[in-house]
Structures are given as C-alpha cells and as structure tokens.
Amino acid sequence: MAICAVIVRVSAVLPAFFKDSPWLVYVLAMLVYVSFSSNWLGSERTKKIAADSSEHTVAVTVDGKVQGGLILAGRFGDSYVFWDSGQKHALRVRADDVSRLEIARGSLAPAKSAQ
C-alpha cells in the first residue's frame, strides 16, 4: 500500500488536489488492502469448502424435496450457495424458495419432507 501511495504522490498525471487529499490513504486502503485481503480470505474459504473439511453440514428443503449433506458456502444477494461435495458442484438456491434450512455438526442425513 505504501508503494501505491508513493506512486500517486509522484505521478505527474494526477491533479494536485487528489495527491494532497486527506482521503488518499483511506481510498488506497479500500482499493488495495481490502481487495487483496478479501481475495485471500475467499480463496482460503474456497479451499476449505472444496476439500470437504467443514465440520457442519446442511439439509435444505426446496419445494418439498430435501437435499442433505451440503455445505453452506455463503449467501449471495437473495440466494444461498451450497457446495455438494458428492457431485463436486455448487448449488444456488433463491432464499424465497427455501422452506427449511437445517445446519448440523458432522454428517446430517436428509430428513423426511412433510407434504
């Protein structure tokens, strides 16, 4: 981040009001540090999920059908994202379509759906 600050300060292209701005450090922190750290955290989380080393499993009920043994990867807008380690693919389900979500430590067998 310090290298980026020096480059901005000595740049002949940028106007002086931008170089002398008290917000320069904040903007550089947001653009450089936060983006790199969130990328690193995301890749670490992805490796952990893909390696099937999560201690929690999820059973989700969508349209009366239960899918179990999934790993909750996170929430993306108005959708849940699950990792199916058996088929090695991600499953995206709209939050409105989920009628029940069970998170358990260890393996979770699919429950019978109430119809």
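The values are calculated or read from the model by the stated rules, or taken from the named source; none is laboratory data. For clarity, every value in this text was computed on a predicted model and none was experimentally measured. Ideal geometry is used to build each Cβ from the backbone, glycine not excepted, and the neighbour counts take in all protein chains shown. Just so you know, the surface numbers come from the protein's heavy atoms only, side chains and all, with ligands and any DNA or RNA stripped out. Shrake-Rupley method; radii C 1.70, N 1.55, O 1.52, S 1.80 Å.
Before moving on, here are some points about what is shown:
- Shown for the chain: lysine pairs separated by 8 or more places, or found on different chains, whose C-alpha atoms are under 22 Å apart, numbering 4.
- Remark: relative contact order (the chain) = 23 percent; criterion is Cα-Cα distance under 8 angstrom and separation of 6 or more residues.
- Helix 34-50 axis versus longest C-alpha principal axis of the chain: approximately 20°, rounded to the nearest ten.
- Residue among A16, Y80, G64 farthest towards the positive dipole end of the stretch 1-80, charges placed on Cβ: A16
- Take the stretch 65-104 with all the other protein chains still there, run a 1.4 Å probe, and you get 64 Å² of accessible area per residue.
- Of the peptides 67-76, 7-16, 83-92, the order by per-residue mean of other Cβ atoms within 10 Å, starting with the highest, comes out as 67-76, 83-92, 7-16.
- Amide H contacts of S85: I71, each under 5 Å away and 5 or more positions distant or on a separate chain (H built 1.01 Å from N in the peptide plane; Pro and chain starts excluded).
- Gyration tensor (alpha-carbon) shape descriptor, the stretch 1-50, a/c threshold 1.5: prolate
- Residues considered: V27, V62, V98. Largest GNM mean-square fluctuation over the chain, using C-alpha springs under 10 Å, is found at V27.
- Largest GNM mean-square fluctuation across D97, D20, D63, computed for the chain with C-alpha springs under 10 Å, falls on D20.
- Magnitude of the charge dipole, the chain, Cβ model with Lys/Arg +1 and Asp/Glu -1, debye to 20: 140 debye
- A Gaussian network model of the chain, with springs between Cα atoms under 10 Å, assigns the largest mean-square fluctuation among S35, S99, S21 to S21.
- Over the chain, equivalent-ellipsoid semi-axes from the Cα gyration tensor in Å: 45, 16, 10
- Carbon/sulfur fraction of accessible area - the chain, other protein chains in place, 1.4 Å, %: 61 percent
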